[in-house]
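Asker: The structure follows.
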Amino acid sequence: MHRVFAAVACAAAFHLHAQPVEPPRPKVGLVLSGGGARGLAHIGVLKAMREQRVPVDFIVATSMGSIVGGAYAAGQTPEQMEALVRNADWAQIFSDRPPREDLSFRRKEDDLRFIGKTELGLKKDGVVLPRGALGSQNLEEFLRGISPHANEAATLNDLPILFRAVATDLETGKQVVLADVPLSVAMRASMSIPGAFAPTQVDGRLLGDGGLVRNLPVEVAREMGADIVIAVNVGTPLLPRDSLASALGVAQQMINILTEQNVEISLARLGPADILISPDLANVSFIDFHRGEELIAIGERAGRAAAARLAGLAMPETRYVAWEAQRKRFAAVPELPVAQVRVVGAERTNPEALKREVADRLGVEPGSRPTEEQLVKAARVLHGSGEFERVDVRTGLEDGRRTVVIDVNEKPWGPDYLRIGARAVSDFDTQGAFSLTLQHTRTWVNSWGAEWRNELELGDVRRLLTSFYQPLGPGSPWFVEGSLQAVKSDVDIYEGMRRTDRATREVIGSYALAGRRLGGSGVLRFGVGHEHYKATPIIGSRSVDSTSDSATVLRVGTLFDTLDNADFPRRGYAISADAFHYSSRGPGDPIVAWQVNGILPITFGRLTLLGLAFTQGSRDDRVSFPLGGLFNLSGTPAGAISGSQAAGVGALAYWRMGQLRGAMGGDWYAGFSLEAGRVSGRADAGRAEVHKAASLFLGLDSIIGPLYLAYGKTFGGESAFYLFLGRPANRAQW
């Protein structure tokens, strides 16, 4: 028996000796640089590396590289990232506002009444600017979507591939290597470009773009134990002299100088065994996100060009398949019911109001099992209140219980906000008007979420408003609202198409209303008010005496609004309906009036067809509704025809031509309109003439509001050219 065991042992020893011992595989660190849109080329490089079966042990990245590298470390495939890039709405991702359909009804009404989009803060020291020109909320949602599996990883250490993101401590100027944070936080902090995105607070530190200190962090990969570094450099080169004529160009060049200098330091740390891949990105700007597919193809070509050097790192196919499966693995999300909802970061806002909002609107509350889509929507809803710089709603296990965490950053320039709007119109003939509006809003006056609003308008319309909005409990959909308003405006009076008189009309009113929010898309209001009227002739052939009156007003009204854009909508709808009852002290019966307005856009690619309809009426002829002006019988002077019964329809078609860069910004459109409307008194309502009109226009959705250059013609009537800043007639009532 002893001889048998000895023989077996000898055979085994011979077998082991005969098998070649595979040398240990070197540890490979992948380093991805920042570069804005140029960083999309990283996706192509990853596609080429997968073709050549090259695995990596860890990834270190900066800025845009951290987005691509973080998604890859979390299990995304290059094809999945490519599809996200192809379908991404980059204008919305880098917008400083949430999608309009996610705004609260208060902010939507601001949008309808007010054309100024820029928001400033008011502090004791004066006006305060937002911390970034671009909002980070939409970007963070994109980052969360680009790596959905990572939402169950508490930190970067829990990802399938070890990942590190590099950021800059804006207080000390030191490099920060992020590890013990969620992936979406690491991504956003690493690419918080100064001046563009607000800095990210992590563990008490204010972090900005990592490219300021290490745009190609080779040293970090080396410190993590990399035997071989694959470095992909897509950094933005220095601008030529002719691009330095503006302050923006000089500021961009300063950042480029910082990044290029530290990239040179990192490149010097590469050894002969390391591999440098530099995609050919000549004439590609860091903001050219619309060239995503082209950039990915450029990266793929660069990765294939390095195939000879990468071949030495390739795995056998069976082993690479196993490695790839491990990279894409993630534990199943525990489908436990929510045990608690917790709010962090709220200081002036009431956590109970935030909890109630997500419970009422999304059903995210204890006992529920919210999906990832519900959590994302909950973050949008809270961000749509206009009070937060960013909102993150996530779920995780705390002490074995599933917890939903509402993590908010309140706007540091709040709670007092200032918006500035302007309205201007000229028909290049006799009509010219201009007004400037200043609006101040103080939010969270008390723990129930009250808002105090003040507005001052100067120009052809002089208006002063103060109002107080009070929810009936934290997050309650019921509210009361009181307001005082004084308005003075000049009104032209026509005989036919000829101006014969001009008068100043004054209305001073006080109102007490109650109402209810109807989800995020609608509102119902009802209440009472008192108005005092005065009309004073300025120029005219008629009476020179002033007239005055007063009345008690009962009002009920509702508004539903899901439009994606208040000025050039492409989807959604809006409808409003109001009824008024005026009881005057003078002789005569009470006046009953009503109005209904509706709009419906339908979009096919770049083309939008927009339908408009309205009807307005009164039980007697003491109330008059005017027609005329752009898109409201274009070509006819505004207010030239009027009556106690008015109705109209319109059809607009506009083609999105592209986007203008620079200070004005925004999409621009070319289109035309067809319009029809009629007005009459009650006695001749059935015999009223139907007026028809059309217009051709160019429109710009600018930062200061919608801007139109148009020509309008009423068939059988007047025509006019228009330069129009603001929302045309009737559309302001949506």
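The values are calculated or read from the model by the stated rules, or taken from the named source; none is laboratory data. Small disclaimer: the values here were computed from a predicted structure and weren't measured. Neighbour counts are summed over all protein chains in view; Cβ atoms, including those assigned to glycine, are modelled from backbone coordinates with ideal geometry. Accessible surface is based on the protein model in full, side chains and every heavy atom, while ligands, DNA and RNA are left aside. Shrake-Rupley method; radii C 1.70, N 1.55, O 1.52, S 1.80 Å.
Asker: Looking only at segment 266-275, which residues are open to solvent by 80 Å² or more (accessible area, probe 1.4 Å) and either outside any loop (DSSP other than H, G, I, E, B) or in contact (Cβ under 8 Å) with a residue 24 or more places away in the chain (or both)?
Answerer: R269
Asker: Report, by residue number, each residue of segment 45-86 that is part of a helix (DSSP H, G or I) and among the aromatic types (F, W, Y).
Answerer: Within segment 45-86, Y72 is the sole residue that qualifies.
Asker: Same structure again: Are any of the residues in segment 595-615 of a type outside the set (G, A, S) and either modelled with pLDDT under 90 or under 25 Å from T547 (Cα atoms) (or both)?
Answerer: Within segment 595-615, none of the residues are of a type outside the set (G, A, S) and either modelled with pLDDT under 90 or under 25 Å from T547 (Cα atoms) (or both).
Asker: Consider only pairs whose beta carbons are under 9 Å apart and that are at least six residues apart or on different chains; among these, list those whose first residue lies in segment 277-289 and is over 19 Å from M191 (Cβ atoms) and touching a residue at least 40 places away in the same chain (Cβ under 8 Å) and whose second residue is small (G, A, S) and assigned to a strand (DSSP E or B).
Answerer: I277/A231; S278/A231
Asker: Failed condition for A308, given (1) part of a helix (DSSP H, G or I); (2) of a type in the set (A, V, I, L, M); (3) surrounded by fewer than 16 Cβ atoms within 10 Å (Cβ to Cβ); (4) in contact (Cβ under 8 Å) with a residue 60 or more places away in the chain, with all others met?
Answerer: Here A308 meets the rest and fails (4).
Asker: Within segment 311-327, take every residue that is within 12 Å of Q52 (Cβ to Cβ) and touching a residue at least 40 places away in the same chain (Cβ under 8 Å) and give me the one that is most open to solvent (accessible area, probe 1.4 Å).
Answerer: E317
Asker: Before we move on, is A167 modelled with pLDDT of 80 or more, in a loop (DSSP other than H, G, I, E, B) and touching an Asp or Glu at 6+ places or on another chain (Cβ under 8 Å)?
Answerer: Taking the combined requirement at face value, the residue does not satisfy it.
Asker: Looking only at segment 607-624, count how many residues are of a type in the set (A, V, I, L, M, F, W, C) and touching a Ser or Thr at 6+ places or on another chain (Cβ under 6 Å).
Answerer: 1
Asker: Here is a check on your reading of the model: is D407 in contact with a Lys or Arg (Cβ under 8 Å, 6 or more places away or on another chain) and under 24 Å from T155 (Cβ atoms)?
Answerer: Yes.
Asker: List every residue pair whose Cβ atoms lie under 7 Å apart, where the two residues are 6 or more positions apart in sequence or sit on different chains, the first residue falls within segment 82-93 and is at pLDDT below 75 and of a type outside the set (S, T, N, Q), and the second residue, located anywhere, is assigned to a helix (DSSP H, G or I) and open to solvent by 60 Å² or more (accessible area, probe 1.4 Å).
Answerer: Filtered contacts from segment 82-93: W90/H290.
Asker: Only residues that are open to solvent by 30 Å² or more (accessible area, probe 1.4 Å) and at pLDDT below 85: list them for segment 276-290, please.
Answerer: A282, N283, S285, F286, I287, H290, listed by residue number.
Asker: Now a separate question. Return the total of residues in segment 164-184 being in contact (Cβ under 8 Å) with a residue 40 or more places away in the chain, β-branched (V, I, T) and either open to solvent by less than 50 Å² (accessible area, probe 1.4 Å) or touching a Leu at 6+ places or on another chain (Cβ under 9 Å) (or both).
Answerer: Summing the residues that are in contact (Cβ under 8 Å) with a residue 40 or more places away in the chain, β-branched (V, I, T) and either open to solvent by less than 50 Å² (accessible area, probe 1.4 Å) or touching a Leu at 6+ places or on another chain (Cβ under 9 Å) (or both) in segment 164-184 gives 2.
Asker: In segment 466-523, which residues are out of contact with any helix residue (DSSP H, G or I) (no Cβ under 9 Å at 6 or more places or on another chain) and not in a strand (DSSP E or B)?
Answerer: L472, G496, M497
Asker: For segment 497-523, name all the residues that are within 27 Å of L627 (Cα to Cα) and at pLDDT 90 or above.
Answerer: Within segment 497-523, E506, V507, I508, G509 qualify.
Asker: Considering only residues of segment 193-234 that are among the hydrophobic types (A, V, I, L, M, F, W, C) and closer than 18 Å to A37 by Cα, which is surrounded by the most Cβ atoms within 10 Å (Cβ to Cβ)?
Answerer: L216
Asker: Which condition does A535 not pass, out of (1) crowded, with 17+ Cβ neighbours inside 10 Å; (2) within 18 Å of F625 (Cα to Cα); (3) not polar (S, T, N, Q), if it passes all the others?
Answerer: All conditions are met except number (1).
Asker: Right, another one. Among the candidates I406, I298, which residue alone is open to solvent by less than 30 Å² (accessible area, probe 1.4 Å) and assigned to a helix (DSSP H, G or I)?
Answerer: So the residue among I406, I298 that is open to solvent by less than 30 Å² (accessible area, probe 1.4 Å) and assigned to a helix (DSSP H, G or I) is I298.
Asker: OK, next. From V338, V364, V376, which residue is within 23 Å of K108 (Cβ to Cβ), open to solvent by less than 20 Å² (accessible area, probe 1.4 Å) and β-branched (V, I, T)?
Answerer: It is V364.
Asker: While we're on this one: Out of segment 342-361, which residues are surrounded by 17 or more Cβ atoms within 10 Å (Cβ to Cβ), more than 14 Å from P471 (Cβ to Cβ) and touching a helix residue (DSSP H, G or I) at 6+ places or on another chain (Cβ under 9 Å)?
Answerer: V343, A346, V358, R361
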